[in-house]
Number of protein chains: 2
Amino acid sequence: MEEQNKVMLHGTWFSPFVKTVELALKVKGIPYEYVEEDLKNKSPLLLKYNPVHKKVPVLVHNGTPICESLVILEYIDETWTNIGPRLLPQDPYKRAQVRFWSSFLQQQLLQTLFAVIKSDGEAQENAVKELLEKLKVLEEGIKNFPDGISFIDHENLGFLDIVLLTMFGTYKVQEQVIGFKVIDPEKSPLLVSWLSALFELPVVKEGLPPHEKLVGLLQYIRQNALNSAPV
Amino acid sequence: MEEQNKVMLHGTWFSPFVKTVELALKVKGIPYEYVEEDLKNKSPLLLKYNPVHKKVPVLVHNGTPICESLVILEYIDETWTNIGPRLLPQDPYKRAQVRFWSSFLQQQLLQTLFAVIKSDGEAQENAVKELLEKLKVLEEGIKNFPDGISFIDHENLGFLDIVLLTMFGTYKVQEQVIGFKVIDPEKSPLLVSWLSALFELPVVKEGLPPHEKLVGLLQYIRQNALNSAPV
């Protein structure tokens, strides 16, 4: 079966959404070829594969492109059913919980974290306040997770663990760039122990982008945002 | 099986996301009880069921709440596998296409449409320009849809048709409120014929909110947004 399957991933080294897909492919044990894209000079192939958003990641499976990281994760889980662990649980309610929290992490939390990184002064204070509220919601959510929707209870990385790493895989980089702790172990003990368990795994450790290089990039993004913000 | 399943839907009459879930339940033929929520005075039950977003729709199945319309649609399809038509196609690539376009419709297009409704002058011109570009992208997308991801080729309403109606189910109301045509049949012939086919169906016709009442509400929302916009 593997011989018929040619898998290519178009990405860029710093995109957390690309990391999500890479991690899913590695957890499943699916061999793939990686193509680094220059987002300032997008390749004709990327524009052909993702004419709607013109973004990475794009997974190309036997010549057919699939776009959007969460859509790709579902596709991987539904296509390679006989290889590696299942990414989503079987039970419909647990699947719903995974999708609900994945969307919360990717849409709500990540957006707020970026608002913190791209602002200072009062705007940043407000963004931090919002972030802390959302982290509180997440901590409360984790407390009530049904069994088996995250790594906490399992041997293998699942869908939600992978999406959590999209959001927090490089939180130490983010903390270094903004100059203060984003995650307080006192207030988010469950999140911290979940993340610690994930960071122990070789597949996670090895997949992290180079720390200093990412610090440099985020500092550049932050400075750019601050320079162009209305005074 | 039906007797064990108690289904309640918490909603509000004007929410397109609630309509999405109602339509899915009707297409599947799942009996449910509807609870109208007053969003200005949210019930303790709604706050208990959706503490994260405090929003409708919430589907409560045998006492267990499921939130977010697209998550609920997947849940319905995965739970009632033996009742009514399947909402998603079987093929993983087609499923990926349905999810990709659903997310485009619900996140990208709906947001832009609301920006048009809530603005005037130059801001509205820009929003209209963006909307027209996105409609062009959608038309191009429809042209390349694989067989069987929408009603175009089928007897039954599927996931993507239902989400399309979230977005465009009341476009005539929107056109009346902003005073010009949103969808140009010359530029969007495939979208128009898709919508016309959907509007023929009794389940769609009967589910539309009262036209004049919705016009009044949208006019109020538009006026409120214009009054509070920075000059």
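The values are calculated or read from the model by the stated rules, or taken from the named source; none is laboratory data. No experiment lies behind these values; they were computed from the predicted model shown. Don't worry about glycine lacking a Cβ; one is built from the backbone with ideal geometry, like all the others, and counts go over all protein chains shown.
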Practice problem: Of the numbered conditions (1) crowded, with 18+ Cβ neighbours inside 10 Å; (2) within 12 Å of another protein chain (Cβ to nearest Cβ), B:Leu131 fails exactly one; give the number of that condition. | Solution: (2)
Quiz item: Scanning the stretch B:134-159 for residues that are away from chain A (no Cβ under 13 Å) and assigned to a helix (DSSP H, G or I), which turns out nearest to B:Ile72 (Cα to Cα)?
Solution: B:Phe151
Quiz item: So which residues in the stretch B:172-188 are assigned to a helix (DSSP H, G or I) and in contact (Cβ under 8 Å) with a residue 40 or more places away in the chain, if there are any at all?
Solution: B:Val173, B:Gln174, B:Val177, B:Ile178
Quiz prompt | Subset of the stretch A:50-61 that is over 21 Å from B:Leu70 (Cβ atoms) and more than 10 Å from every other protein chain (Cβ to nearest Cβ) - its residue that is surrounded by the fewest Cβ atoms within 10 Å (Cβ to Cβ) | solution = A:Lys54
Practice problem: Please tell me if B:Val98 is aliphatic (A, V, I, L, M), closer than 30 Å to A:Trp80 by Cα and assigned to a helix (DSSP H, G or I). | Solution: yes
Quiz item: Somewhere in the stretch B:101-119, is a residue surrounded by fewer than 18 Cβ atoms within 10 Å (Cβ to Cβ), in the same structural domain as B:Val177 (by TED's automatic domain parsing), in contact (Cβ under 8 Å) with a residue 60 or more places away in the chain and assigned to a loop (DSSP other than H, G, I, E, B)?
Solution: no
Self-check item: Complete set of residues in the stretch B:189-231 that are in a helix (DSSP H, G or I) and more than 21 Å from B:Ser15 (Cβ to Cβ)
Solution: B:Pro189, B:Leu190, B:Leu191, B:Val192, B:Ser193, B:Trp194, B:Ser196, B:Ala197, B:Pro202, B:Leu226, B:Asn227, B:Ser228
Quiz item: Hey, any hits in the stretch B:109-122 for a residue that's within 14 Å of chain A (Cβ to nearest Cβ) and farther than 22 Å from B:Leu23 by Cβ?
Solution: yes
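In this structure, does A:Glu22 turn out to be out of contact with any His (no Cβ under 8 Å at 6 or more places or on another chain), of a type outside the set (Val, Ile, Thr) and away from chain B (no Cβ under 14 Å)?
Taking the combined requirement at face value, the residue satisfies it.
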Quiz item: Looking at (1) among the basic types (Lys, Arg); (2) in the same structural domain as A:Glu139 (by TED's automatic domain parsing); (3) closer than 25 Å to A:Asp161 by Cβ, which is the only condition A:Lys19 fails?
Solution: (2)
Exercise. Sort out which residues of the stretch A:172-224 are surrounded by 15 or more Cβ atoms within 10 Å (Cβ to Cβ) and aromatic (Phe, Trp, Tyr), and write them in order of number.
Key: A:Trp194
Quiz item: Based on what the data block shows, is A:Thr79 without any contact (Cβ under 8 Å) to a residue 24 or more places away in the chain and in contact with a strand residue (DSSP E or B) (Cβ under 8 Å, 6 or more places away or on another chain)?
Solution: yes
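To keep it simple, each residue is scored yes or no on (1) facing chain B (nearest Cβ under 10 Å); (2) surrounded by fewer than 19 Cβ atoms within 10 Å (Cβ to Cβ).
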residue: A:Tyr34; (1), (2): no, yes
residue: A:Leu39; (1), (2): no, yes
residue: A:Lys48; (1), (2): no, yes
residue: A:Gly63; (1), (2): no, yes
residue: A:Ser69; (1), (2): no, no
residue: A:Trp80; (1), (2): yes, no
residue: A:Pro85; (1), (2): no, yes
residue: A:Asp91; (1), (2): yes, yes
residue: A:Ala96; (1), (2): yes, no
